[in-house]
Amino acid sequence: MDAYTPTRGDRFTFGLWTVGNRGSDPFGGPVRDHIDPCEIVRNLAECGAFGVNLHDNDLVPLGKSQKERDTIVSNFKRALSENDMVVPMATTNLFSHPVFKDGAFTSNDPRVRAFALQKTMDGIDLGVELGAKLYVFWGGREGTEADACRDVRTAIERMREAMNFLTGYVKANGYDLRFALEAKPNEPRSENYFPTTGHMLHFISTLADEEMVGVNPEVAHEVMSGLSFPHAVGQAMEAGKLFHIDLNSQKIGRYDQDLRFGSEDPRQAFLLVRLLEGTGGGEPYRGPLHFDAHAYRSEDEQGVWEFARGNMRTYKILKAKARAFDSDPEVCELLRCHEDPELEALWQAGYDSKRAQSLRQIDLKPDEVARIGLRYERLDQLMMEHIFGVR
């Protein structure tokens, strides 16, 4: 055991669908056996995780009777209790069943939309029964291939109606539950509605109970389209809407790879951890740190648990490096060199006519300012040396 060994205090979580992934892909079937959810709980606890998340059917397969459902849930709750594990988040699978081939909440068929609401209400009940405080919505099939099939505005209206219905359901039942919406640009649809975290943040502002709804950004979902994940997370944090987060790794321009956290993008992973931990001075994120990733198809079950430990260790290593970087005296000096308390106070005070007149009278000498080197090359090199472990 060392300083990077995960513990429950680190707030790390995995989904049943992540470590339970059997290694299937579009070109080949499973390479690993099914792992019972109760066994997943035990193994994750041994690895140092504090929680496990689930889709409704990850735990209770479709078609089970009420008696079978209750037995499965009872056994799972016992496993959670025996291993001191929790379920921080739950979600609904609205993408696997063939009925969702053209979406769930945005489908043109009202029977599909009604079934999606039925399934989600059942999933919410299950999540609350297991102690979840967050409920995530990923609209995996909410999109198009043939764009002429519906007006985009109609899809947005239907999604809003569904969210308003479901927040109403939560409030009517007195559940202590918040929603987090997860964006993705494409896959499995050619075009997905609400493709980025920014799209989701605006959509949330149009909901009847917007205070109940935030976002669940995922590394791969922003990076696959070439966007900066730390920027997306920073915007969500600034808006007070980062309710949950999915950590993994991704190569730009590829399909959704769900790789081990930090394995492909250590620079961006470092910047993300620095942001989440607040080591640069900002308010830190205090929610669950969920790894929505899969072990390589090359692995057996032993490799799955090595994968799980690797995600958590990488996060803790980067957390230590972020703290070291932001306490480095040279870094601190470089970040202070542009400070001007008087101008900052004027900037932050907002508009009034007197301040506007004062601002007009200041000789800011823009030509002189333009000649000043910002020393960002040095700052960036210092960051890389901390990441590489040579400083």
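A short reminder: the numbers here are calculations on the coordinates, not readings from a lab. Everything numeric here is computed off the predicted structure, so don't read it as measured data. Methodologically, a virtual Cβ is constructed for each residue, glycine included, from the backbone with ideal geometry; neighbour enumeration extends over all protein chains shown.
Which is farthest toward the positive dipole end of the range 93-220 among A114, S205, N216, measuring Cα position about the Cα centre, with Cβ charges +1 (Lys, Arg) and -1 (Asp, Glu)?
Farthest towards the positive end: A114.
Using a Förster distance of 35 angstrom, determine the FRET efficiency expected from the C-beta separation of N186 and D70, and round it to 0.05.
0.35
How much mean residue ellipticity at 222 nm does the chain get from its helices, if each DSSP H run of length 4 or more adds -39500 (n - 2.57) and you divide by all residues, to the nearest 500 deg cm²/dmol?
Using -39500 (n - 2.57) per qualifying helix, the result is -14000 deg cm²/dmol.
Could you derive backbone 3J(HN,Hα) for the range 224-237 from the dihedral phi with the Karplus parameters 6.51, -1.76 and 1.60 (θ = phi - 60°), listing whole Hz in sequence and x where the residue is Gly or Pro?
Values, residue by residue: 4, 9, x, 8, 7, 5, x, 5, 4, 5, x, 5, 5, 5 Hz.
If we count other beta carbons within 10 Å of each Cβ, what is the order of H338, H386, fewest first?
Exposure proxy ranking, most exposed first: H338, H386.
Could you compute the FRET efficiency for A239 and D176, with r as their C-beta to C-beta distance and R0 at 25 Å, rounded to 0.05?
According to the calculation, E is roughly 0.70.
Output ³J(HN,Hα) for the range 58-69: one whole-Hz value per residue in order, computed from phi by the Karplus curve 6.51 cos²θ - 1.76 cosθ + 1.60 with θ = phi - 60°, and x for Gly and Pro.
3J(HN,Hα) across the range 58-69, in whole Hz: 4, 9, 10, x, 4, x, 6, 6, 4, 5, 5, 4.
R111 versus K354, label points 7 Å from Cα toward the beta carbon: distance in nm?
7.1 nm
Quick one: which residues, 5+ away or cross-chain, put their amide H under 5 Å from the amide H of L181? H built at 1.01 Å from N.
Amide H neighbours of L181, under 5 Å, 5+ apart: F137, G214, V215, N216.
Stretched out fully, how many nm does the piece from D151 to T5 gain, at 0.36 nm a residue minus the Cα gap?
47.5 nm
Computed over the Cα atoms of the range 8-326, what is the ratio Rg over Rh, Rh following Kirkwood?
Here Rg/Rh amounts to 0.94.
Restricting to the chain, what percent of DSSP beta bridges are antiparallel, rounded to 5? Intermediate results must be reported in sequence, preceding the final value.
On the way: 4 of 29 bridges.
The antiparallel fraction comes to roughly 15 percent.
In whole Hz, what ³J(HN,Hα) sequence does the range 77-91 give by Karplus (6.51, -1.76, 1.60; θ = phi - 60°), x for Gly and Pro?
Listing the rounded values in order: 4, 5, 4, 4, 5, 5, 10, 6, 10, 10, 10, x, 9, 9, 8 Hz.
Based on a Kirkwood Rh over C-alpha pairs, give the Stokes-Einstein translational diffusion coefficient of the range 329-388 at 4 °C and viscosity 1.567 mPa s in µm²/s.
Approximately 91 µm²/s, per Stokes-Einstein.
Given K171/K251; K321/K365; K64/K319; K251/K316, which pairs have Cα atoms separated by over 32 Å?
Going by Cα-Cα distance, K171/K251; K321/K365; K64/K319 fall outside the 32 Å limit.
Give me the Å³ per residue figure for the convex hull around the C-alpha atoms of the range 1-44.
Convex hull of Cα atoms, per residue: 112 Å³.
In nm, what is the difference between 0.36 nm times the number of residues separating K251 and L62 and their Cα-Cα distance?
Taking 0.36 nm per residue and subtracting the Cα distance, the gain is 64.7 nm.
Compute the FRET efficiency between E342 and R391 as 1/(1 + (r/R0)^6), taking r as their Cβ-Cβ distance and R0 = 35 Å, and round to the nearest 0.05.
After rounding to 0.05, the efficiency reads 0.55.
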